[in-house]
Amino acid sequence: MNKIQIKTKTKNYYVFIGKDVFESFEDFIPESVSKILFLIDRNVNEKCSVLLKKIKLLNKSKYNLVIHSSEKKKNLITTQHILKYLIENNFDRRSLIVSIGGGLLGDIAGFSASIYMRGIKHIQIPTTILSAVDSSIGGKTGVNFYGIKNIIGTFYQPESVFINPAFFYSLPKIEVISGLGELIKYAIINPKLYDFYKNETTKIFFTKEVSDEVILKSIKIKADIVKEDEKEEKGIRKILNLGHTFAHGIESASNFKLKHGEAVFIGIILALIVSRKFNLIEEERILNFINDFRFITVNKSFANLDISKVVDFMRSDKKNLNGKINLVIPSKEKILIDFPVEEKVIYNVFEELSKYLKKYAIQ
Ligand SMILES: NC(=O)c1ccc[n+]([C@@H]2O[C@H](COP(=O)([O-])OP(=O)(O)OC[C@H]3O[C@@H](n4cnc5c(N)ncnc54)[C@H](O)[C@@H]3O)[C@@H](O)[C@H]2O)c1
């Protein structure tokens, strides 16, 4: 079992990684905990029953709630459902929520834990590639509201995170693709790792075998950033939003037919095209990126997307200031944050994107 410490101003905690993480799971439950609610994603409950049996506490637990998580249900109604369950079962301030699922469930669980009695403990057991390398780390929680992604939420760090890569074997192909979309963001953030990620993601795509090393390297990048800027106050953490302003607009405008990681993949290409427009990178970088990760395909519904709807959603992004759309984009030397662009630039890069994708026959 490997472990990484996440240090933040509000909490220091460990992420444990390995196929044996559940053997010592019980030892990490703080003694002060009065009751545990296990929140389990419905698909994980159905498809991963053998793995779940390894969590001894779960088998003994009286309080298990299976959640049908979908982006449309990542909302205040699902949050209320969880809060009601906690109240009806007399959960007190010393209670703990253990969430077992992807980023969706982790975000809702973290949000619920952060507001119930002004905050109870939360342990994350991420079961998708995306949630393991990204959403379970760093304490961002939240739900969608009024059609806007993650507009309601908190910063609330978990007690610990347990990653068992064996969960990924049961992921549908589309979820593997989605996970890789978020994973390769780290390859752009840390160019030294570009070749490593390029080769490893190709392997993952064809086998679903995600090595502990990929997870460790990704989490280390995120851990370093979160340590410096837990609440996105200094701007450093905004680097992690690379491609995300586009991605959130694309996901919302597609009515969530496109998965988060698929949208992030497209969002990164769009961010690269913006950089090229402002002469911040050579065109070769876009071509290489698309070519290196061309095995990542995108849902066909992307072709029918109404770009004006995407722009409408991008306008309401939390990162915008002074009426311009603020992007995170790569340049030759570093990642630039708060890069303001006019809406016409957004329309323009979408036009260019279709040319690139056609060239590489990415559908
Ligand atoms: N908090 C953050 O910092 C952060 C960062 C990135 C993304 N996110 C959020 O994460 C969410 C996406 O997370 P996700 O990609 O994990 O999606 P998800 O949680 O929706 O899971 C994807 C699908 O896979 C199923 N599933 C989960 N684990 C499985 C398993 N082991 N086997 C089979 N099926 C399984 C789920 O039921 C779901 O249908 C988005 O809502 C996004 O906003 C949050």
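Data table
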{"quantity": "Nearest-0.05 FRET efficiency for Leu76 and Arg118, computed from C-beta distance (R0 25 Å)", "calculated": "0.90"}
{"quantity": "Mean-position separation - Cα centroids, segment 122-167 and segment 1-16, in angstrom", "calculated": "15"}
{"quantity": "Residues Asn288 and Glu23, FRET efficiency given R0 of 51 Å [Cβ-Cβ distance, rounded to 0.05]", "calculated": "0.75"}
{"quantity": "Above-threshold pairs, the threshold being 21 Å between Cα atoms, out of Lys300/Lys358; Lys19/Lys220; Lys9/Lys185; Lys185/Lys332; Lys140/Lys277; Lys7/Lys203", "calculated": "Lys9/Lys185; Lys140/Lys277; Lys7/Lys203"}
{"quantity": "Point-charge dipole on Cβ atoms (K/R +1, D/E -1) for the chain, about Cα centre, debye to 20", "calculated": "440"}
{"quantity": "Between helix 212-228 and the chain: long-axis angle, C-alpha atoms, 0 to 90°, nearest 10", "calculated": "90"}
{"quantity": "Label-point separation in nm, Lys203 to Ser331, each point 7 Å along Cα→Cβ", "calculated": "3.5"}
{"quantity": "At R0 = 56 Å, FRET efficiency that the Cβ-Cβ distance of Lys324 and Glu31 yields, to 0.05", "calculated": "0.60"}
{"quantity": "Label point 7 Å beyond Cα of Phe145 along Cβ direction - residues of segment 224-257 with amide nitrogen under 18 Å", "calculated": "none"}
{"quantity": "Ellipticity estimate at 222 nm from DSSP helix runs (n ≥ 4, -39,500 (n - 2.57)) divided over the chain, nearest 500", "calculated": "-12500 deg cm²/dmol"}
{"quantity": "Note, ³J(HN,Hα) from phi for segment 195-206, Karplus 6.51, -1.76, 1.60, rounded to Hz, x at Gly and Pro", "calculated": "5, 4, 5, 4, 6, 5, 5, 4, 4, 4, 4, 8"}
{"quantity": "Ile152 paired with Tyr169, simple spin-label distance in nm, labels 7 Å along Cα-to-beta-carbon", "calculated": "3.9"}
{"quantity": "Between 0 and 90°, nearest 10: helix 283-292 axis offset from the chain longest Cα axis", "calculated": "50"}
{"quantity": "Length added when fully stretched, Ser211-Asp338, from 0.36 nm per residue minus Cα-Cα", "calculated": "42.3 nm"}
{"quantity": "Inter-label distance, nm, simple model (7 Å from Cα along the C-beta direction), Lys257/Lys234", "calculated": "4.3"}
{"quantity": "Segment 5-162 shape via C-alpha gyration tensor axes, a/c threshold 1.5", "calculated": "rounded"}
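Read-outs: derived from the displayed coordinates by stated rules, not from any lab. A quick note: this is a predicted structure, and the numbers were derived from the prediction, not measured. Backbone-built Cβ (ideal geometry, glycine too); neighbour counts: all protein chains shown.
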